[in-house]
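The values are calculated or read from the model by the stated rules, or taken from the named source; none is laboratory data. All values reported here derive from a predicted model rather than from experimental measurement. As a convention, Cβ positions derive from the backbone with ideal geometry for all residues, glycine included, and neighbour counts pool all protein chains shown. Note: accessible area is taken over every heavy atom of the protein model, side chains too, but ligands, DNA and RNA are not part of it. Shrake-Rupley method; radii C 1.70, N 1.55, O 1.52, S 1.80 Å.
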Amino acid sequence: MKKIFCLLSVLILLASLLPATASINSPSSTMYVKTGNGKTLNLREQPDANAKVIAKIPYAAEVQVYADFLGMVWYHVQYGMYNGYVKTEFLSDKKPKPFVTPTPKPTVKPTPVKTPSPEEQTANEIAAAKALGLVPRGMTSEGNVTWQELDQLLTNVIRLKNNNSSAARSHVYLSLTEYQAANAGFDFDIVLRGVAAAELYGALIDMGESDPAFNHSNDPFVADSAAIALCQEHAGISSNVVGDWRALPMLDMVLTIIDNVDTASGKPVMSIDADHDFHPNNPFTRTEAIQAVYRLYNSFHHFLGQVTVTHARQANLRAQPSMKADIVGKVNPGEVYNVVSIPKTSWYEIQLQNGKTAYIVGGMVSFQMH
């Protein structure tokens with residue numbers, strides 16, 4: 001009788017060592033821990049993410065799974081002496097391979113965009129102008145530009161823009177004969193900046209611009225309008241012909257040229273000084289002439305058509321034809337813009353009022369081809 005009593009005591013003692021939550025069912029399958037980061041898996045007292053953690057099961061360890069799982073979210077498992085619950089997503093039918101910590105990808109530092117100095121920009125633009133074939137052979141960038149050199153520069157840009165190697169200037173502010181007869185710089189074999197602006201204005205017409213005068217909404221301050229008028233007086237231009245563009249006030253032509261913006265650099269066709277003045281009586285240098293003609297080339301486009309913003313709200317403008325590109329502005333419903341190019345399907349490059357260009361996705365606009 002004493003032996004039976006001792007056996008029962010031992011059994012009772014062993015039962016007391018088992019967790020209170022031990023299942024009365026036998027395990028139905030074997031599975032393995034497979035955490036996404038190779039770390040241990042929490043074994044919880046109840047099927048609840050906030051329940052007490054009673055053990056941590058190592059990665060790839062074997063567990064016995066009971067049939068009474070809950071909603072495909074929790075498995076009831078046995079791990080060694082422990083009985084509890086784990087998330088189903090962290091168990092696998094097959095033993096996983098040893099976990100290898102992935103090599104972190106190096107952080108790519110954005111390449112800083114270096115803004116060229118004025119000297120570097122000038123050198124870059126002169127090199128680009130030469131590469132395009134705008135600069136006459138043998139012409140240097142030192143000294144002041146002559147009438148003949150400016151005439152050749154403007155002829156080249158007209159030919160290049162119109163894709164016509166035999167095109168000639170038809171809108172010339174001062175012909176060579178008039179230039180020689182005028183008090184506009186011939187005595188010094190130079191071209192004054194005011195006259196150069198007028199010649200650039202005429203070149204815009206020859207490139208196909210039917211109405212070169214912009215709305216001047218972004219004009220810089222021009223302090224010397226009286227000097228511009230004096231420069232026109234020196235040129236000796238007077239015309240009674242209705243509609244003769246040369247009879248326009250030179251101030252209007254100067255403002256138009258300053259208002260034209262190189263879409264590549266955002267710089268005006270003709271430069272102004274640090275005080276935002278334009279000095280038309282100053283000589284026009286060869287460097288300034290090459291830069292001006294190159295920027296004129298980039299500022300004028302033969303438009304493919306127009307787009308009208310049809311989106312109900314403001315539409316984004318992008319720096320490149322991609323939804324991942326930087327947003328550089330917004331346009332309002334109903335506004336109309338000229339189309340410079342169609343770089344790829346469903347994207348339009350449009351010219352803004354300030355002369356710069358940006359990209360808009362086709363779903364925001366309606367397009368009408370010229």
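Report the FRET efficiency, 1/(1 + (r/R0)^6), for Asn281 and Glu335, where r is their Cβ-Cβ distance and R0 is 30 Å, rounded to 0.05.
Calculated value: 0.15.
Quick check: the angle from helix 2-17's long axis to the longest principal axis of the chain, C-alpha only, nearest 10 degrees?
With rounding to tens, the tilt is 10 degrees.
Using a simple spin-label model with points 7 Å from Cα along the Cα→Cβ vector, what separation in nm is obtained for Ile342 and Val100?
4.9
Sequence gap at least 6, Cα distance under 8 Å: using those rules, report the relative contact order of the chain to the nearest whole percent.
12
What is the sum of charges around Asn316, taking Lys and Arg as +1, Asp and Glu as -1, for the other residues whose C-beta is under 14 Å from the C-beta of Asn316? Walk me through the numbers on the way to the answer.
Details: positive: Arg313, Arg318, Lys324, Lys330; negative: Asp326, Glu335.
Value of the local net charge: +2.
Considering all projection directions equally, how large on average is the shadow of the alpha-carbon convex hull of region 38-155, in square nanometres?
Over every viewing direction, the Cα hull of region 38-155 projects on average to 17.0 nm².
Relative to the first principal axis of the alpha-carbon coordinates of the chain, what is the inclination of helix 286-299, with its axis defined by its Cα atoms, in degrees from 0 to 90 and to the nearest 10?
Relative to the chain, helix 286-299 is tipped by roughly 60 degrees.
Can you list the residues, at least 5 places off or on another chain, whose amide H is less than 5 Å from the amide H of Val328, using H built in the peptide plane?
Counting only residues 5 or more places away or on other chains, the set is Leu317, Arg318, Ala319.
Tally up the carbon and sulfur contribution to the accessible surface of the chain as a whole percent, 1.4 Å probe, everything protein left in place. Display every interim value, and only then the final one.
Details: 11680 of 21200 Å².
So the carbon and sulfur contribution to the accessible surface is 55 percent.
Along the charge dipole of the chain, Cβ charges K/R +1 and D/E -1, which of Tyr32, Ala264, Gln180 sits furthest on the positive end?
Comparing the listed Cα positions along the dipole, Tyr32 ranks first.
In this model, which of Lys161/Lys267; Lys161/Lys344; Lys161/Lys324 are farther than 30 Å apart at the alpha-carbon?
Lys161/Lys324
May I ask you to evaluate 6.51 cos²θ - 1.76 cosθ + 1.60, the Karplus curve with θ = phi - 60°, for each residue of region 342-351 and list the ³J(HN,Hα) values in order in whole Hz, giving x for glycine and proline?
Result, rounded to whole Hz: 10, x, 7, 3, 6, 10, 10, 8, 10, 9.
Taking the chain as the reference, fit the longest principal axis to its C-alpha atoms, fit the long axis of helix 118-132 to the helix C-alpha atoms, and give the angle between the two in degrees, 0 to 90, nearest 10.
80
Which whole-number value in Å² is the accessible area per residue of region 240-370, probe 1.4 Å? Intermediate values should be presented prior to the final figure.
Details: 6410 Å² over 131 residues.
That works out to 49 Å² for each residue.
What length, rounded to one decimal in nm, is gained on full extension from Lys130 through to Gln368, with 0.36 nm per residue of separation minus their alpha-carbon distance?
82.1 nm
Which order, highest average first, do 290-296, 264-270, 91-97 follow once you tally other Cβ atoms within 10 Å for each residue and take the mean per peptide? Working shown, then result.
Numbers: 290-296: 26.4, 264-270: 18.1, 91-97: 11.9.
Most protected by this proxy first, the peptides run 290-296, 264-270, 91-97.
Is region 303-356 rounded, prolate or oblate when judged by the Cα gyration tensor, a ≥ b ≥ c being the square roots of its eigenvalues, rounded requiring a/c under 1.5 and prolate requiring a/b larger than b/c?
It comes out rounded by the Cα gyration axes.
Determine the shape class of region 132-182: with a ≥ b ≥ c the square roots of the Cα gyration tensor eigenvalues, call it rounded for a/c under 1.5, and otherwise prolate if a/b is greater than b/c, oblate otherwise. Present the calculation step by step, with values, prior to reporting the outcome.
Numbers: a/c = 3.03, a/b = 1.19, b/c = 2.55.
Because a/c hits 1.5 or more and a/b fails to exceed b/c, region 132-182 counts as oblate.
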